[in-house]
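The values are calculated or read from the model by the stated rules, or taken from the named source; none is laboratory data. Since we're looking at a predicted model, the values are computed, not measured. For neighbour counting, all protein chains shown are included, and Cβ atoms are generated from backbone atoms with ideal geometry for every residue, glycine included. SASA here: full protein model, heavy atoms, side chains in, ligands and nucleic acids out. Shrake-Rupley method; radii C 1.70, N 1.55, O 1.52, S 1.80 Å.
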Amino acid sequence: MIDHLFLDTYESVQGEYEKLPWGNRVDETLWETVDGLLLDLHLIKHGYASDGYEKHIEKRLKEVCKDESVVERVRAMRL
């Protein structure tokens, strides 16, 4: 589950998993989920996604984020 601590870690290395120290490695699958969501939100923002896909991404955000504050933070993040 994505929470604020996970996003703090993600932002500390600007999304570059390889820059994390070995002792501080987090779930790589979850990391890739954040990468994918950020790309999807970027595509939505610039009009490259259908309404149906946008609804799918909104549902996905609610599934993988701990609460609405985390969802909002992911939406506000930049690629």
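What a 1.4 Å probe finds exposed on the chain is 51% carbon and sulfur by accessible area, rounded to a whole percent. Multiplying each eigenvalue of the alpha-carbon gyration tensor of the chain by 5 and taking the square root yields semi-axes of 23, 13, 10 Å, largest first, rounded to whole angstroms. Between Lys59 and Glu28, the FRET efficiency from the beta-carbon distance, with R0 = 22 Å, is close to 0.40.
When the surface is traced with a 1.4 Å probe over the full set of protein chains, Lys59 keeps roughly 130 Å² accessible. Calculated accessible area for the chain comes out at 67 Å² per residue, all protein chains present (probe 1.4 Å; ligands, DNA, RNA ignored). For the chain, the Cβ-based charge dipole about the Cα centre amounts to some 160 debye (Lys, Arg positive; Asp, Glu negative; other atoms uncharged). Pairs of lysine residues in the chain that meet both criteria, 8 or more places apart or on different chains and Cα atoms under 20 Å apart, total 4.
Take every pair of alpha-carbon atoms less than 8 Å apart whose residues are at least six positions apart; their mean separation over the length of the chain yields a relative contact order of 41 percent. Among the chymotrypsin sites (Phe, Trp or Tyr not before Pro) found in the range 15-79, those both in a DSSP coil and sparsely packed, with 16 or fewer other Cβ atoms within 10 Å of their Cβ, are Tyr48.
Backbone amide hydrogens, once placed in the peptide plane, bring Cys65 within less than 5 Å of Ile2, excluding anything fewer than 5 places away on its chain.
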